[in-house]
Amino acid sequence: MKIGIELRKLEISDLDNIMKIFSNKKITDGIGLTLSTNPPKITRQFEKKWLEDSIKNYRKKKPTNYNLAIISEGIYVGNMGTHKIDYENESAEIGYWIGEKYWKNGIATKALKLFIKELNKKFKLKRITGYAFTFNIASKKVMEKCGFKLEGIKRKHKKGKNKFYDSYQLAKIQ
């Protein structure tokens with residue numbers, strides 16, 4: 001069965017879906033949001049501000065980040081975004097997450113392929129970097145399927161509550 005995927009700009013109306021997906025600790029741990037010793041409180045206000053900031057960036061000539069909603073069969077399922085956009089060096093760092101019930105359907109891979117096309121059109125990047133915690137092999141595989149190559153493992157990349165976490169560092173050179 002072929003699953004339809006599209007990316008669209010975020011809207012304030014996405015807030016309820018984000019809150020629902022972020023109520024799953026597997027998601028927030030997978031992106032490192034709740035791993036740290038002092039994680040941010042994931043509140044409606046916190047996420048609404050993030051949405052508002054993302055939406056403001058759409059109007060900027062040189063945005064600091066660029067985040068899009070992942071839509072599958074008309075349903076909001078997650079986010080795809082880039083931050084740390086380095087205009088001088090034509091590079092950026094990407095990140096993404098999707099709700100657990102949408103895992104293992106190829107959605108993240110299809111969305112990342114679309115996102116790379118969008119980034120190339122909008123920013124003309126030469127290098128796109130992504131990280132996946134070593135406990136999140138599925139995320140590493142998504143990037144590899146999209147042409148990212150493993151550059152190494154960042155040891156003790158994220159300090160957690162009781163230990164440090166390592167991350168795979170992957171990059172797509174264009």
I'd like to check something: does region 53-73 contain any residue that is in contact with a Ser or Thr (Cβ under 6 Å, 6 or more places away or on another chain), in contact (Cβ under 8 Å) with a residue 12 or more places away in the chain, hydroxyl-bearing (Ser, Thr, Tyr) and more than 20 Å from Phe135 (Cα to Cα)? yes
Conditions: (1) surrounded by 20 or more Cβ atoms within 10 Å (Cβ to Cβ); (2) in a loop (DSSP other than H, G, I, E, B). Phe135 meets all but one. Number of the miss? (1)
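One line per residue, one yes/no per condition, for (1) of a type outside the set (A, V, I, L, M, F, W, C); (2) surrounded by 20 or more Cβ atoms within 10 Å (Cβ to Cβ):
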position: Phe123; (1), (2): no, no
position: Lys158; (1), (2): yes, no
position: Phe164; (1), (2): no, no
position: Ser167; (1), (2): yes, yes
Going residue by residue through region 2-10, is there one that turns out to be part of a helix (DSSP H, G or I) and under 28 Å from Lys124 (Cα atoms)? no
Residue count, region 129-153, condition β-branched (Val, Ile, Thr) and more than 23 Å from Val77 (Cα to Cα), comes to 2
Identify, from the list Lys2, Lys9, the residue that is modelled with pLDDT under 95 and not β-branched (Val, Ile, Thr). Lys2
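The values are calculated or read from the model by the stated rules, or taken from the named source; none is laboratory data. All values derive from a computational prediction rather than experimental measurement. In this analysis, Cβ positions are derived from the backbone assuming ideal geometry, glycine residues included, and neighbour counts consider all displayed protein chains.
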